[in-house]
Amino acid sequence: MPRISNTRLTLLLEAADWAPAQFAAALRGIAAEQGMTLTVHPTTVRRWLEGTQPRPPLPALILECLSRRLDRRITAHEAGLTRAPAQLVDPAWEADPMRKLIHLTHAELDPHRRALLGAGVLTATALALPAQGQTPAMSEGPERSGRRATQGDVAQLGAMASVFATSADQHGGQHMRAALAAYLAHEVTPLLHRPAPTQVQHGLLAAAARLAVLLGSMCADSGHHAVAQHYHQIAARLASDADDHVTLAIALRTMATHAHDLGRHTPAVLNLAEQADQHARHAPPAVRAYTRIHLAVLSAHDNRHAAVASLARAEHLHTQASAEPGPFSSYPAGALHYQRGQVLATLKDHTGALTALTTSLRVRTPTERLPAALTHARLAETHLRLGHIEPTLTHWHALLDAYPTLHSWRADQRLAAAVQHLRPHQQRTGVADLLDRITELTSTPR
């Protein structure tokens, strides 16, 4: 049977003013943002226009690409993608966060549905915050039953957040993702449906939001960026419903950081960071430093003065922060100096970035095993940019020493980048041996 031409996709490409070659290039760019290597040529696009249906994850990439170009959400039906997988989760901010949380965490525990979740892509439309007051209140859900929830339950959720956060810092996000999803699915969401005084209910919602932030970051560190975006969005909605501006600020900042790490430096991402800083204006100094320094990171791309001012303000706030422990009440000095290094590197001050990253590594605690490994990677890249081969090799070997205990997409990405950066130098002493070690460690099934 002859294929039927995809006239809907043809019309969208015409509206986008894209030839097949331009569309193919845009798709490759979006795939690269998600950490994917995509082979798409103009002939591939022409086959789609002639009626061939692309296979996952291409439909999701096609829809995201067209949505960005046309500045509106494009559906699979509108693009003529008749075999695109059904969207398992509504990406809209208006979707009920509790229903999304229940659906996602149960899908996480089903290998087939989890694979479908992983086929999605981070969407630009979900980075755009709705206007204040435009998101509906969370649904009440089933009638509340069982024993009354108490402040003890809120404290227990907080203690578990510390356990999960510490484990992720030590071993990477992939290590505890399934355990946290199971905890949210089987312990936390039932607790949210128990009768409770308003203060306790709000405390539970905020605690669930913090756990959702952690799970989103674990998904990002697994390379599942669309799922991460869903969890961060859920966290923001739950925090908003709990009237907890501190947790809302942390959720929005985390969402902006995730998008920035994937190469998104758009006004929508900057707006997320600005909104995070606004919600943190009455927060403890540690949280205000955490939100303000990411404004510096983003501003460094196009506003040097704003970046330097935000960096100075963040550093001043950090000096006022208390030593209160906890993943949502403290901001490690190592993280502050790491982000200072990011700001300075973007501003082309690579010597200053080297100093900041060196300080970051020096003040990392033993539990910050993954952050320390990633700091070694950034130090290696910075030394190489400055032509310092010996310290470059030293820092890459330090990352490789820790690598067998890490389960982290970010660590994998840094090593993949190392191979690309080092190949032009493989005639230099020690470089070939390092490349061999990277190949040996990364090719071993884990």
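The values are calculated or read from the model by the stated rules, or taken from the named source; none is laboratory data. Nothing here was measured: the structure is a model prediction, and the numbers come from that model. Ideal geometry is used to build each Cβ from the backbone, glycine not excepted, and the neighbour counts take in all protein chains shown.
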Does the range 40-75 hold any residues that are assigned to a helix (DSSP H, G or I), in contact (Cβ under 8 Å) with a residue 12 or more places away in the chain and out of contact with any helix residue (DSSP H, G or I) (no Cβ under 9 Å at 6 or more places or on another chain), and which are they? Pro59, Leu63
When (1) among the hydroxyl-bearing types (Ser, Thr, Tyr); (2) in contact with a Pro (Cβ under 9 Å, 6 or more places away or on another chain); (3) surrounded by 13 or more Cβ atoms within 10 Å (Cβ to Cβ) are applied to Thr43, the one that fails is (3)
Count of residues meeting criterion [of a type in the set (Gly, Ala, Ser) and in contact (Cβ under 8 Å) with a residue 40 or more places away in the chain] in the range 359-386: 1
For Glu78, indicate whether it is in contact with a Cys (Cβ under 9 Å, 6 or more places away or on another chain) and touching a residue at least 60 places away in the same chain (Cβ under 8 Å). no
From the list Ala182, Ala178, which one is among the hydrophobic types (A, V, I, L, M, F, W, C) and either assigned to a loop (DSSP other than H, G, I, E, B) or at pLDDT below 95 (or both)? Ala178
Given the conditions (1) farther than 13 Å from Leu127 by Cα; (2) modelled with pLDDT under 95; (3) assigned to a helix (DSSP H, G or I), report the number of the one that Asp277 does not fulfil. (2)
Among the residues of the range 6-39, count how many are at pLDDT below 90 and outside any helix (DSSP H, G or I). 6
Can you report the number of residues in the range 293-348 which are aromatic (Phe, Trp, Tyr) and either assigned to a helix (DSSP H, G or I) or surrounded by fewer than 20 Cβ atoms within 10 Å (Cβ to Cβ) (or both)? 1
Can we say His265 is under 16 Å from the mean Cα position of the chain (by Cα), in a loop (DSSP other than H, G, I, E, B) and touching a residue at least 24 places away in the same chain (Cβ under 8 Å)? yes
